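Just so it is clear, none of the values below were taken in a lab; they were calculated from the coordinates. Note that the structure is a prediction, hence the values are computed from the model and not measured. Counting neighbours? That spans all protein chains shown, and the Cβs are built from the backbone with ideal geometry, glycine included.
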Amino acid sequence: MSATIELTDRVAVVTGAGSGIGEACASLMAARGAKVLVADIDEGQAEGVAKAITADGGVAVAASVDVTDPAAVEGMVATAVGEFGGLDIGVNNAGIGGASAATGDYPVDGWRTVMSVNLDGVFYCAREEIRAMRERRGGSIVNMASILGSVGFANSVAYVSAKHGVLGLTKNAALEHAADGIRVNAVGPGFIRTPLVESSMDAEALAFLEGLHALGRLGTSEEVAELVAWLASDAASFVTGSYYPVDGGYLAR
């Protein structure tokens, strides 16, 4: 019998799950049977997503977490284990865009802020998730990178550097923890129509971005979530240390 992308009785933690891609990942995995800890720095948004999942018949609890705080991340994973008995899936999605400036003009505090969320935060989450997954003798971690984890983008040096770092972290962790039964992969969304993107660009800029994708549009959070759910499932049992763009053909140009 072939493996499926069902996630029945799996326990998942999703960071940045209060909106956008994280919300879509949490909702889809819950719909496929996972018990989900919806984690976000905005407690109200996390609670809203968890309530919506529960109303749809899923199982979810909310947690407020700042991924730049190792102790908070440790507490987040402990909450998932305490609520649901273990941890099988980690989706490290929390991230920010950062300042827009050329490398020679980029603010140091802006650099540090982006790195602390987009790279340090992924490391802190992966570290704690691995420790919990060892108890289950297996698991799947999906780190949210970006198409900008493999190419540059003007005036985004901190974001690009952090996302490149996420790919390195992913490959290293995959090599180190394969013997623990833990798979670690990265997903690279193209420009997705999320609150983060829409709030930072006007209509003209959004139209320009759409033209950079071979499919002529931005992606949706749900399209990214489908790939994440596959990587989290047994259907991807021979997949680790890999990077999967979901980018409408952006990188093909």
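Computed values, structure above
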item	result
Amide H partners (placed H, <5 Å) of S140, local residues excluded	I89, G90, R183
Neighbour net charge for V122 - beta-carbon separation under 14 angstrom, K R +1, D E -1	-2
Rounded to whole Hz, the Karplus (6.51, -1.76, 1.60) HN-Hα couplings of segment 132-148, x for glycine and proline	6, 5, 4, 5, 9, 6, x, x, 9, 10, 10, 9, 7, 9, 4, 4, 7
Phi-based couplings in Hz for segment 74-91 (Karplus 6.51, -1.76, 1.60; Gly and Pro marked x)	4, x, 4, 5, 4, 5, 4, 5, x, 6, 10, x, x, 8, 10, 9, x, 10
Placed amide H near V38: partners under 5 Å, 5+ positions off or other chain	V61, A62, A63
Over the chain: helical MRE at 222 nm, DSSP H runs n ≥ 4 each giving -39500 (n - 2.57), nearest 500	-14000 deg cm²/dmol
Residues I130, I21 arranged by fewest to most Cβ contacts within 10 Å	I130, I21
With 10 Å bins from 0: P(r) over the chain, alpha-carbon pairs, percent	8, 33, 38, 18, 3, 0
All lysines inside 23 Å of K35 as judged from Cα atoms, apart from same-chain residues fewer than 8 positions distant	K51
Charge dipole magnitude, Cβ of K and R +1, D and E -1 - segment 1-71, Cα centre, debye nearest 20	320
Loop GluC sites (Glu not before Pro), segment 39-104 (other Cβ atoms within 10 Å of the site Cβ: 10 or fewer; DSSP)	none
Partners for K171 among lysines (Cα-Cα distance below 25 Å; same-chain residues under 8 apart left out)	K163
Karplus (6.51, -1.76, 1.60) ³J(HN,Hα), θ = phi - 60°, over segment 98-113, in Hz, Gly and Pro reported as x	x, 5, 10, 6, 5, 3, x, 10, 5, x, 4, 5, x, 4, 5, 5
Only Lys, Arg (+1) and Asp, Glu (-1) charged, at Cβ; segment 11-242 dipole about Cα centre in debye	680
Cβ-based exposure ranking for D56, D88, in which fewest neighbours within 10 Å come first	D56, D88
